[in-house]
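Let me begin by presenting the structure, written as structure tokens, before commenting on it.
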Amino acid sequence: MAEPVRPKIFTIPAHRAFADALAAGLIRQFGPDAKGDDLGLARGLVLLPNNRAKRALTEAFVRASDNGLLLPRMVAIGDPALDEGVGAALDPADSAEPIPPAVEPLERRMILARLIGEERQRGGQPIDAAEAVRLAGDLARTLDQ
């Protein structure tokens, strides 16, 4: 089974031209010559702040490429297409580890009571078990809000 693909985050120094630096970096890392994969760049997804940034990045790709290029999907963060088509690409349900079952409420309360008791003991203010359980119930309700 293939290893799930994790999103990659890159930074660009403030003194560099954003679109040109991003296009050059993406072509260098994922372009046709990078790994011998002609579709490496086209499989990508670039989240940009607005439509103007999408246009600027498209123009930067044109300037940076010698030949034709299959561009990555570029989506503005406020774009409705982000919710519809991109959500699954960022958080694919089939590649994630299964969610563990929830802890039973009583077991959770006892764990919280133990942690509260240990913390109060460390602070030099020990409390009895009944008070720890009461505080654990309050803490559990607060966490559930």
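The values are calculated or read from the model by the stated rules, or taken from the named source; none is laboratory data. Since the structure is predicted, the reported quantities are computational estimates derived from the model, not experimental observations. Note that each Cβ is placed from the backbone with ideal geometry, even for glycine, and that neighbours are counted across all protein chains shown.
Summed over region 58-76, the residues that are of a type outside the set (Ser, Thr, Tyr) and either modelled with pLDDT under 85 or not in a helix (DSSP H, G or I) (or both) give a count of 11.
Could you tell me how many of the residues in region 33-57 are touching a residue at least 24 places away in the same chain (Cβ under 8 Å) and outside any loop (DSSP other than H, G, I, E, B)? Qualifying residue count for the region: 8. When 136, 102, 140, 132 are checked against the criterion of being more than 30 Å from residue 31 (Cβ to Cβ) and at pLDDT below 85, 102 stands alone in meeting it.
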